[in-house]
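Everything on this sheet refers to the single structure shown next.
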Amino acid sequence: MSLSNAAVRDIETVIHPYTNLDTFRTTGPMIIERGEGVYVYDNGGNKYIEGLAGLWCTSLGYNEQELIDAATEQMRQIPFTHVFGGKSHERAAELAERLKAIAPHAASKVLFCGSGSEANDQQMKLVWYYNNALGRPKKKKFISRTRGYHGVTVASASLTGLPGNHRDFDLPISGVLHTDCPHYYRYAEPGETEDEFTTRLAKNLEEMIIREDPDTVAAFIAEPIMGAGGVVIPPAGYFEKIQAVLQKYDIYFIADEVICGFGRTGNMFGSQTFNMKVDSISVAKALSSAYFPIAAVTVGEDMYQAMIDESKKIGMFGHGFTYTAHPVGAAVAAKTLEIYEKRNIVGHVRDVAPRFAAHFARLADHPLVGHARSCGLIGALELVADKKTKKSFDPSLGIAAAVVGAAQKHGLIVRPLAGDIVAFCPPLIINAEQIDAIFAAIEKALDDVEARVTKEGLRAA
Ligand SMILES: Cc1ncc(COP(=O)(O)O)c(C=O)c1O
């Protein structure tokens with residue numbers, strides 16, 4: 001395969017996240033050049049539906065003029081000013097007001113940052129700060145979940161429960177514990193009902209807290225639906241049982257809404273879809289429809305008062321990034337939230353979600369599909385060698401990656417995740433015909449790979 005000049009330049013200069021850096025030197029990158037609505041185009045002029053909204057983020061698609069205008073106007077007015085040491089700009093409060101108004105808990109203030117990883121890092125620092133302010137210096141441990149994804153900085157990668165983010169990075173750091181993943185299809189014991197499964201998980205969590213000493217456990221963080229860990233949709237009642245345990249031991253509950261926030265699950269926040277009574281949320285990605293890197297955490301009044309107390313004691317709140325509440329990001333994000341409201345994006349997701357779900361239900365019968373699931377406009381196909389026993393393919397065969405590769409040939413970009421899972425998370429503006437086109441392409445891709453699996457006898461491998 002001959003590589004384009006652009007590909008060769010890329011190979012020689014750019015380090016690519018989540019890429020096999022060895023094989024990449026031979027395969028090179030797919031270079032995306034432009035976008036329009038839910039479509040992107042590569043540098044060969046090929047058109048694709050962006051079935052993962054980039055990285056679960058471009059909720060308003062690829063050429064939203066109002067966002068382009070918001071960024072341009074802000075750049076003209078003042079491209080950068082900051083919020084350190086008592087300075088501010090109007091976009092910061094405008095965005096914070098909008099976020100507070102829709103937050104799924106009683107948010108008092110908003111602390112901005114640049115990415116989902118930074119948001120979760122901030123969560124950890126704030127919880128430590130808070131418990132020091134309250135005179136509980138031992139209460140510092142965080143519990144997250146196996147297969148949860150919370151980012152890649154030292155703290156957030158530690159919260160992430162995926163081996164690939166820990167291995168040889170000397171992570172997780174101490175004080176971070178991982179409890180069970182609520183993937184009923186994969187982890188239920190034989191004959192266990194969903195109710196028994198969620199009861200067992202809540203019991204395991206409680207046992208972990210008791211074992212660690214409840215006075216040392218500060219916070220629990222969870223995505224409403226696990227994204228990168230496999231689009232794991234928790235069974236009904238799961239979060240109710242988990243939060244009863246958290247309440248019992250006075251454990252701060254953080255929803256990582258970085259993927260689920262802003263309409264993805266059919267409510268403004270995933271916390272609302274799953275009845276999570278949280279103390280704080282982390283948001284990023286669709287906060288600005290990914291048109292500018294900006295993220296945030298919300299804090300309740302208790303946390304805010306503790307931060308004031310610490311400021312009195314220490315002299316300042318000693319945290320902040322150069323780009324905290326970046327004015328261009330804040331302008332774009334405020335406009336994004338305005339668009340969600342005026343175009344009723346949640347209503348649109350609710351309108352099209354049944355069609356999305358019906359396609360998953362149909363594909364559940366495909367010979368490669370062990371489990372098909374969706375909620376709102378996020379979903380996954382979990383591929384298996386044996387539908388009855390749920391036996392997986394040998395991971396080295398890369399079956400999900402093969403399906404994703406075939407889908408790309410049929411004009412669809414989706415993403416393979418560990419465990420032979422194909423993830424779907426299209427821009428929220430997608431319409432019914434475009435949803436049909438996603439599934440027409442993936443069905444062809446599944447058939448292509450099924451033909452190869454049968455021909456080469458890969459089920460027996
Ligand atoms: C749920 C969740 N939290 C945090 C992150 C990290 O966000 P970022 O990549 O912006 O640092 C991600 C990224 O995919 C995510 O899906």
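Annotations for the structure displayed:
- Once the Cα-Cα distance is subtracted from the 0.36 nm per residue extended length, the residue 199 to residue 125 segment shows a gain of 23.5 nm.
- Here is what passes the span test in the chain: the DSSP H helices with alpha carbon length of 24 Å or more along the helix axis and a Kyte-Doolittle mean of 0.0 or above are 345-363, 432-455.
- Principal axes of segment 353-461: Cα extent on each, largest first, Å: 41, 27, 21
- Too-long pairs where the Cα-Cα distance tops 30 Å, listed order kept, from 139/391; 140/241; 100/241; 141/313: 139/391
- Contact order normalised by residue count of segment 337-392, Cα under 8 Å, 6+ apart, percent: 24 percent
- Take every Cα pair under 8 Å whose residues are at least 6 apart in sequence, average their separation, divide by the length of the chain, and the relative contact order is 19 percent.
- Full-stretch length increase - residue 69, residue 192 - with 0.36 nm per residue and alpha-carbon distance subtracted: 38.9 nm
- Cβ-based net charge around residue 202, under 13 Å, with every Lys or Arg adding one and every Asp or Glu removing one: -2
- Contour minus Cα-Cα distance for residue 317 and residue 436 (0.36 nm per residue): 37.8 nm
- Beta-bridge orientation, segment 120-279: approximately 10 percent antiparallel, per DSSP, counting only bridges with both partners inside.
- Fraction of beta bridges assigned by DSSP in the chain that are antiparallel (%, nearest 5): 65 percent
- In segment 110-219, the chymotrypsin sites (Phe, Trp or Tyr not before Pro) that fall in loop regions by DSSP, at most 13 other Cβ within 10 Å: 169
- A DSSP coil position with no more than 16 other Cβ atoms inside 10 Å describes the following trypsin sites (Lys or Arg not before Pro) in segment 378-419: 387, 388, 390.
- Contact order relative to length of segment 1-119, as percent, for alpha carbon pairs under 8 angstrom and 6 or more apart: 12 percent
- Formal net charge of residues neighbouring residue 327 (Cβ-Cβ distance under 14 Å; K, R +1; D, E -1): +1
- The Cβ shell under 9 Å around residue 229 holds other residues with a net charge of +1, Lys and Arg each +1, Asp and Glu each -1.
- Label-point separation in nm, residue 16 to residue 93, each point 7 Å along Cα→Cβ: 4.6 nm
- Amide hydrogen neighbours beyond the local backbone of residue 266, cut-off 5 Å, H modeled: 377
- Distance in nm between pseudo-label sites at residue 101 and residue 30 (7 Å out along the Cβ direction from Cα): 3.9 nm
- Sum of -39500 (n - 2.57) over DSSP H runs of 4+, divided by residues of the chain (222 nm, nearest 500): -13000 deg cm²/dmol
- Residue 365/residue 247 FRET efficiency (R0 45 Å; Cβ-Cβ; nearest 0.05): 0.60
Since every read-out is calculated from the coordinates, none of them should be taken as a lab result. All values derive from a computational prediction rather than experimental measurement. Here the Cβ is made from the backbone with ideal geometry for all residues, glycine too, and neighbour counts use every protein chain on show.
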